[in-house]
Amino acid sequence: MRKYFFLIAVAVIALDRVTKIAIARRLSFHSSIPVIPGFFRIIHAENPGAAFGIFADSPAEWKVGLLIAFSVIALLIVSVLLWKNSQTMTSTGIGLSLILGGAIGNLWDRVTSHRVVDFLLFYIGRYQWPAFNVADSAIVVGACLLVFEIVFTKSPSEQSV
């Protein structure tokens, strides 16, 4: 089963790279294409910070190194968990695979350009969710799968009752 989990991660990385490259080549920085007026647009944004733009305005030189180090540590932890939990196809394995692929996708940007390309922007009026990308989506979906499994899956002792 391990190969399937790692194939999921590779698919996320590939889709993330293709979409980010396409956005960077086709849209100038900060330009956008309305998809659903008043709700969703494709935008070329770049985030030099962490999730939701945390640290984005910080001029500190240690910021990129710290974000890369945190990403590498998270990747190692997720990889070990995935390796240990990969005997059968489970939502835990799929969730970890999505998180692994998403983390590598964003780490790739951070290492190569010190910023992450974001392009999906949802908004209503002047209220908007921070722009995000395929890697971010994979991480969130993966985390939701893990939470769902923790909250709604019964332990073996509960199932026998």
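All of the numbers you see were taken from the coordinates with simple rules; none came from a lab. What you are looking at is a predicted structure, and each value in this text was computed from that prediction instead of being measured. With ideal geometry, Cβ positions are generated from the backbone for all residues, glycine too; neighbour counts draw on all protein chains shown.
Of note:
- A simple spin-label model places the labels of S113 and F148 3.2 nm from each other, with each point 7 Å out along Cα-to-Cβ.
- Positive-end residue, the chain charge dipole about Cα centroid, Cβ charges, pick of L81, Y123, I33: I33
- All distinct Cα pairs of the chain go into the 1/r average, and the inverse of that average, the Kirkwood radius, is 17.0 Å.
- Zone residues, segment 85-113, relative to L27, backbone N less than 18 Å from point 7 Å out along Cα-to-Cβ: 106, 109
- Tensor-based shape of segment 90-137 (alpha-carbon gyration tensor, a/c under 1.5 rounded, otherwise prolate or oblate): oblate
- Each residue in Y127, Y4 was given a count of other beta-carbon atoms within 10 angstrom of its own, and listing them fewest first yields Y127, Y4.
- Highest-MSF residue in the chain out of P130, P37, P48 [GNM, Cα springs under 10 Å]: P37
- Surrounding net charge for F132, when Lys and Arg each add one and Asp and Glu each subtract one, Cβ distance under 12 Å: -2
- Local electrostatic count at G105 - Lys and Arg +1, Asp and Glu -1, tallied over other residues with Cβ under 9 Å: -1
- With the simple model of a label 7 Å out from the Cα in the direction of the Cβ, I77 to A14 spans 3.0 nm.
- Charged side chains reduced to their Cβ positions (Lys and Arg at +1, Asp and Glu at -1) give the chain a dipole of some 320 debye around its Cα centre.
- Least to most buried among S79, S97 (fewest other Cβ within 10 Å first): S79, S97
- Using a Förster distance of 35 Å, the FRET efficiency for M89-I68 (Cβ separation, nearest 0.05): 0.65
- Relative contact order (%) - the chain, alpha-carbon pairs under 8 angstrom, separation at least six: 31 percent
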